1. Between E336 and S208, what is 0.36 nm times their sequence separation minus the Cα-Cα distance? Round to one decimal in nm.
2. Give me Rg/Rg_expected for region 240-371, where Rg uses Cα atoms only and Rg_expected = 2.2 N^0.38 Å with N residues.
3. What's the angle, to the nearest 10 degrees (0 to 90), between helix 29-44's Cα axis and the longest principal axis of the chain?
4. Can you compute 3J(HN,Hα) from phi for each residue in region 11-18, using the Karplus curve 6.51 cos²θ - 1.76 cosθ + 1.60 with θ = phi - 60°, rounded to whole Hz and x for Gly and Pro?
5. Per residue of region 311-321, in order, report the coupling 6.51 cos²θ - 1.76 cosθ + 1.60 (Karplus, θ = phi - 60°) as ³J(HN,Hα) in whole Hz, putting x for Gly and Pro.
6. Any chance you could get the radius of gyration and Dmax over the Cα atoms of region 1-57, in Å?
7. Which value, in Å to one decimal place, does the Kirkwood hydrodynamic radius take for region 1-232 when every pair of different Cα atoms is included?
8. What's the carbon and sulfur percent of region 240-371's accessible surface, probe 1.4 angstrom, rounded to a whole number?
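The values are calculated or read from the model by the stated rules, or taken from the named source; none is laboratory data. The structure presented is a predicted model; accordingly, all values stated were derived computationally and were not measured. Backbone-built Cβ (ideal geometry, glycine too); neighbour counts: all protein chains shown. These area figures cover heavy atoms from the full protein model, side chains too; ligands, DNA and RNA do not enter into them. Shrake-Rupley method; radii C 1.70, N 1.55, O 1.52, S 1.80 Å.
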Amino acid sequence: MNAYLQRCRNVLKSSINKIAVIGNESCDLDSAVSAIAFAFHLQHSPKLLSPWYKPDTIVYPVLNVTRAELPLKTEVTFFLKRQGIALDELICRDDIDWPTEQALNVVLVDHHLSSLNQNIVGIVDHRPVEAAARFNPNAFKTIELVGSCATLVGRQLFSDGISPEEREGYNVALELLYAAIVLDTVNFSKEADKAKPLDYDVAERIESQLQITEQVRSMHREQLFKSLVDARSDVSELNAYQLLLKDLKIISQNDRTVAVPGFPMAVQEYIKLPEWREHLNRFATSTESNVVILLGMKVHPDGSVRRDVGVIPIDGTPLAEKIIAALHACQEINFELEEIPCSENGTFYQQHNLKASRKQLIPIVKNVLSTIQ
């Protein structure tokens, strides 16, 4: 795998035919490993890319984060290093001069909307299709509601077949995908209810490929999940500003911007951090946000989950109020929000529906922004 990644970096500035596989801007474990594993697979089994793939084509993964922000993705760096992947060999978003790469073809994983001007030739995603989505009719497209995008990538690997000559690299790719599936499904927790039948099926196929027997499966998953949660929650070296950047989505429409950072801790814990308000204001200024929605998810040692929310108006109190009203009024999903009295500026909630996540919240926010004149 490292030899492949090194080759990708070496040809980055060359003029050969290139295809980039890029995850979403949160660059969480699912997004990062889906990009790496799928790019590796498409390089060695380019059937899906046949209209764009030439004999000298290099397919390379891109982590949708700047090089400076990569250390903030603690579970990503932890697991990649655990698999022996050299972080210096990875390609980050700011390693590419996008304006000069207009001819670059791109595959999106773990998202299906992009601000890139490049030609989108493929999509693999596990979230609901956005109303604004417009797809290249010639692109391959897999969008299914499963627990993890890594599940869809894993299914494609098994469907196309694993090259015996690249067994070692494929085993690393499968280890990466397996970790994301276990983490995203909260280790197949019934309470979180993230896992779909396909998640179970692909995980079991990977276990068979990696010779993880049924006798040790449960213990192996539990140990892996705990190590990933511990790595994701290890924010001891991060201040309140860096935490806002760790897992971030930004929504902009009609000259309004809403930032939605996710935390590996409860929001109520975050607002007890030193100088959190100063860091939040600095963050809001840098992202030009009118409203910041804080999403907390704390995973306890027994696997139980706590979710909470904070809606912070920056210079958009009416917008914040509209978003809160829309969350309460949503017919598609009930977030089961219970307001938490708090002296801080903002509105804070305990979220009792543990199944509702940022994937369900973002379309609601987009719908609110679309109504602003």
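1. Between E336 and S208, full extension yields an extra 42.1 nm.
2. Normalised Rg, Cα atoms only: 0.98.
3. 20 degrees
4. Ordered by residue, 3J(HN,Hα) equals 9, 4, 8, 7, 9, 5, 5, 10 Hz.
5. Whole-Hz 3J(HN,Hα) from phi for region 311-321: 10, 10, x, 9, 10, x, 4, x, 5, 4, 5.
6. 11.9, 33
7. Working: mean 1/r = 0.0564 Å⁻¹.
Roughly 17.7 Å, rounded to one decimal.
8. Values: 2790 of 5970 Å².
Roughly 47 percent of what the probe reaches on region 240-371 is carbon or sulfur.
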